[in-house]
Amino acid sequence: MARIRDVWVNWFEGEENGYNICSFHEWKSEDKIEVLDQAEVVKVSETLFFQLENSLEEIPRLLLDAVYKKSALRKNMSKLPLDYCFVATNGKNAIAIDTLGYETPIRKSRLTPRQEKLALEAIVQLEDEREYEALEKSEKQYHILSPHPDDMYGLTRRERQLKQLLFMAVDQLKTTGYDSEVRYWYTEWSPDKYIDIQMLTKDEAWDHMYTEIRKGWSEKHYELCEALVKGQPFFEKLWDMQHESEMHK
């Protein structure tokens, strides 16, 4: 295996969708950036790379044993060994993983462009480097609270976060909203369809609205999200957090 040093990491914890592991250009000043004094680099198959990036599935034991305590966090003037921390690459991209001592990829981080380049070059130099395979190939499941990458394609970090908040509010509307309430919000989204919407059942109105809001992100999405979260403490807190973060930026 190869090893690289001075690796900046911006951990995203518990994420099971790669689009939520922000690229270096999306890191914010308030993010908690850490530095790995050294990081073990391992070559993995396309399937395993996808699983590490897009799931919280178990990591192969062979890989975990191979990287055990070989990466270390720089803390003040000392090095703190990490049980199962490594940089995985499929030969095209790289991602840092830390299991926090477990057997699943709990924390994930993109690398800076320079460190990613070094990781890819380090693996290329080891022609006989072992390629780790996934335990089994499982089909990734997407749903409203774990949106398909197509729903987030081309959006900024803030837009992705607001869209996920919108999806959360819309999902709750399906569960707790009355027929008239769902039709009301669909009308707010598509006022030109008012007459047709009044003829729809609750489920039909919700399905139509969800299908339409899945496309892209616009001022219209923003306004619907702002209106839906109003008066709901948990959602309002998430909304406020997004705006506070933007102000810091």
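The values are calculated or read from the model by the stated rules, or taken from the named source; none is laboratory data. Computed from a predicted model, the values in this text were never measured in an experiment. Cβ placement follows ideal geometry from the backbone for every residue including glycine, while neighbour counts extend to all protein chains displayed. Areas reflect the complete protein model, heavy atoms only, side chains present, ligands, DNA and RNA absent. Shrake-Rupley method; radii C 1.70, N 1.55, O 1.52, S 1.80 Å.
Some observations on this one:
- Considering only S190, Y210, L118, the residue lying farthest towards the positive end of the dipole of the chain is L118, judged by Cα position with unit charges set on Cβ.
- Ordering N76, L155, Q141 by Cα displacement along the dipole of the chain toward the positive end leaves N76 in first place; charges were set at the Cβ atoms of Lys, Arg (+1) and Asp, Glu (-1).
- Rough spin-label spacing in nm, given labels placed 7 Å along Cα→Cβ, for F12 and K237: 2.2
- Counting only Cβ charges, +1 for Lys and Arg and -1 for Asp and Glu, the dipole size of segment 1-44 around its Cα centre is about 260 debye.
- Rg and Dmax of segment 61-171, Cα atoms only, in Å: 17.4, 51
- On full extension, the segment bounded by D196 and K75 gains 37.4 nm, given 0.36 nm per residue less the C-alpha separation.
- Length released on extending from V124 to D207, taking residue separation times 0.36 nm less the Cα-Cα span: 25.0 nm
- For segment 102-153, the C-alpha radius of gyration sits at 1.61 times the compact-globule guess of 2.2 N^0.38 Å, with N the residue count.
- Heavy-atom surface of segment 98-249, accessible at 1.4 Å and reported per residue (Å²): 62
- Estimated from the Cβ-Cβ distance and a Förster radius of 45 angstrom, the FRET efficiency linking D83 and S218 is about 0.50.
- Share of carbon and sulfur in the accessible area of segment 58-206 stands at 50%, probe radius 1.4 Å.
- Binning the alpha carbon pair distances of segment 1-43 at 5 angstrom intervals from zero yields the distribution 5, 18, 22, 23, 23, 7, 1, expressed in whole percent.
- Label-reachable residues, segment 52-69, where backbone N falls under 17 Å from a point 7 Å from D31's Cα toward its Cβ: 53-54
- Anisotropy class of segment 1-122 from Cα gyration tensor, a/c 1.5 cut: rounded
- For the chain, alpha-carbon Rg over 2.2 N^0.38 Å: 1.20
- Rolling a 1.4 Å probe across all protein chains gives E15 an accessible area of roughly 50 Å².
- Pair Y184, E58: separation of 7 Å Cα→Cβ label points (nm): 4.9
- The magnitude of the dipole of the chain, with charges of +1 and -1 set on the Cβ of Lys/Arg and Asp/Glu and taken from the Cα centre, is near 860 debye.
- The charge dipole of segment 1-142, taken about its Cα centre with unit charges on the Cβ atoms of Lys, Arg (+1), Asp and Glu (-1) only, comes to about 580 debye.
- Within segment 136-221, the percentage of alpha carbon pairs spaced more than 21 angstrom apart rounds to 35%.
- If you run the Gaussian network model on the chain, springs between alpha carbon atoms under 10 Å, then out of M152, M77, M199 the most flexible one is M77.
- Taking the chain and dividing mean pair separation by its residue count, relative contact order in percent (alpha carbons under 8 Å, at least six apart): 19
- Spin-label zone in segment 29-69 - amide nitrogen under 13 Å from a point set 7 Å from the Cα of T104 along the C-beta vector: 52, 54-59
- A protection proxy built from the mean count of other Cβ atoms within 10 Å ranks the segments 98-107, 159-168, 226-235, most packed first, as 159-168, 98-107, 226-235.
- Bridge orientation summary for segment 1-159: considering DSSP beta bridges with both residues in this region, about 85 percent are antiparallel.
- Estimated [θ] at 222 nm from DSSP helical runs (n ≥ 4, -39500 (n - 2.57)) normalised by residues in the chain, nearest 500: -12500 deg cm²/dmol
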